[in-house]
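Shown next, in structure tokens, is the structure this report addresses.
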Amino acid sequence: MKSLGEVIEKFLDNYGYAGIVKNHYVLANWEKIVGSEVANHTRPIRIDFGKLYVEVDSPIWRNELCLEKERILRRIREIVSGAEIKEIIFK
């Protein structure tokens, strides 16, 4: 017998919603992914076509985060297996 979680996951996969749910998880759990210090200076806005758009409160933080982009992407993949994020754009 399958658990309710397994049934829901299969349903989401079958109807193409799994990626959407996982992407939403990234937005809702931004602080968990990047840590409180980065989260205090950023706000994830949306995910479109594999691009995560993040608002940053200063040019200094934006420059620093651009250098950390690959590390953040790896962290997203670690926490949210199957998230459809290929790129981060800091604004």
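Looking only at residues of region 1-40 that are among the charged types (D, E, K, R) and under 26 Å from R62 (Cβ atoms), we find that the one that is nearest to the chain's Cα centre (by Cα) is K22.
Here is a yes/no grid of residues against (1) exposed (fewer than 13 other Cβ atoms within 10 Å of the Cβ); (2) of a type in the set (A, V, I, L, M); (3) within 30 Å of G16 (Cα to Cα):
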position: I33; (1), (2), (3): no, yes, yes
position: A39; (1), (2), (3): no, yes, yes
position: D57; (1), (2), (3): yes, no, no
position: L65; (1), (2), (3): no, yes, no
position: R71; (1), (2), (3): yes, no, yes
position: R74; (1), (2), (3): yes, no, yes
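I'd like to check something: does region 8-31 contain any residue that is touching a strand residue (DSSP E or B) at 6+ places or on another chain (Cβ under 6 Å), at pLDDT below 90 and either surrounded by 16 or more Cβ atoms within 10 Å (Cβ to Cβ) or in a helix (DSSP H, G or I) (or both)?
As a first pass, look at region 8-31 and keep what is touching a strand residue (DSSP E or B) at 6+ places or on another chain (Cβ under 6 Å): 23, 27, 30.
Retained after the next criterion (residues that are at pLDDT below 90): 23.
Keeping just the survivors that are either surrounded by 16 or more Cβ atoms within 10 Å (Cβ to Cβ) or in a helix (DSSP H, G or I) (or both) gives 23.
Checked region 8-31: at least one residue is touching a strand residue (DSSP E or B) at 6+ places or on another chain (Cβ under 6 Å), at pLDDT below 90 and either surrounded by 16 or more Cβ atoms within 10 Å (Cβ to Cβ) or in a helix (DSSP H, G or I) (or both).
May I ask you to say which residue of S36, S58, S81 is among the hydroxyl-bearing types (S, T, Y), in contact with a His (Cβ under 8 Å, 6 or more places away or on another chain) and free of Cβ contacts under 8 Å to residues at least 60 places away in the same chain? Just one listed residue meets the conditions, S58.
Quick one: would you say I79 is under 23 Å from G5 (Cα atoms), of a type in the set (V, I, T) and out of contact with any Asp or Glu (no Cβ under 6 Å at 6 or more places or on another chain)?
yes
The values are calculated or read from the model by the stated rules, or taken from the named source; none is laboratory data. Model, not experiment: these values are computed from the prediction. Here Cβ is always computed from backbone atoms with ideal geometry, including for glycine, and neighbour counts include all displayed protein chains.
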